[in-house]
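K.L.:
Got a structure for you, written out below as structure tokens; questions coming shortly.
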Amino acid sequence: MLRTGSGLAILSIAAVLALVGLLLCFWAGYQYLAMLWGPIASALVVGLSLIFVAGVIVWTVFRLNR
């Protein structure tokens, strides 16, 4: 039981760190696009790409749970 609990704890910490890393990549993309196109257009592009990534994650979870 202890081994399973520690494995789940390490897995959840790794998932949180991966999510933070992904969000930092999107933030860097927003900062770059804001220099080129302005804050409104870059927020639209980054927001739509985040919705797309969230959709892919949800689709993958549903596909794996069949």
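K.L.:
On the given criteria, is Ala28 surrounded by 10 or more Cβ atoms within 10 Å (Cβ to Cβ) and either modelled with pLDDT under 95 or more than 16 Å from the chain's Cα centre (by Cα) (or both)? Quick ask: steps written out before the conclusion?
P.N.:
Numbers: surrounded by 10 or more Cβ atoms within 10 Å (Cβ to Cβ): yes; either modelled with pLDDT under 95 or more than 16 Å from the chain's Cα centre (by Cα) (or both): no.
Criteria not met by Ala28.
K.L.:
Here's something else I'd like to know. Kindly indicate which of Leu44, Leu22, Leu11 is among the aliphatic types (A, V, I, L, M), surrounded by 11 or more Cβ atoms within 10 Å (Cβ to Cβ) and without any contact (Cβ under 8 Å) to a residue 12 or more places away in the chain. Steps first, answer last, please.
P.N.:
On the way: Leu22 fails: without any contact (Cβ under 8 Å) to a residue 12 or more places away in the chain; Leu11 fails: surrounded by 11 or more Cβ atoms within 10 Å (Cβ to Cβ).
Of the residues listed, the single one that is among the aliphatic types (A, V, I, L, M), surrounded by 11 or more Cβ atoms within 10 Å (Cβ to Cβ) and without any contact (Cβ under 8 Å) to a residue 12 or more places away in the chain is Leu44.
K.L.:
Please identify the pairs in which a residue from the range 48-66 that is on the phi < 0 side of the Ramachandran plot has its Cβ atom under 8 Å from the Cβ atom of a residue that is not β-branched (Val, Ile, Thr), counting only partners at least 6 apart or on another chain.
P.N.:
Short answer, once both residue conditions are applied: Ser49/Phe26; Ser49/Gly29; Leu50/Phe26; Val53/Leu22.
The values are calculated or read from the model by the stated rules, or taken from the named source; none is laboratory data. Since the model is a prediction, treat every value here as computed from it, not as a measurement. So basically every Cβ, Gly included, is an ideal-geometry build from the backbone, and we count neighbours across all protein chains shown.
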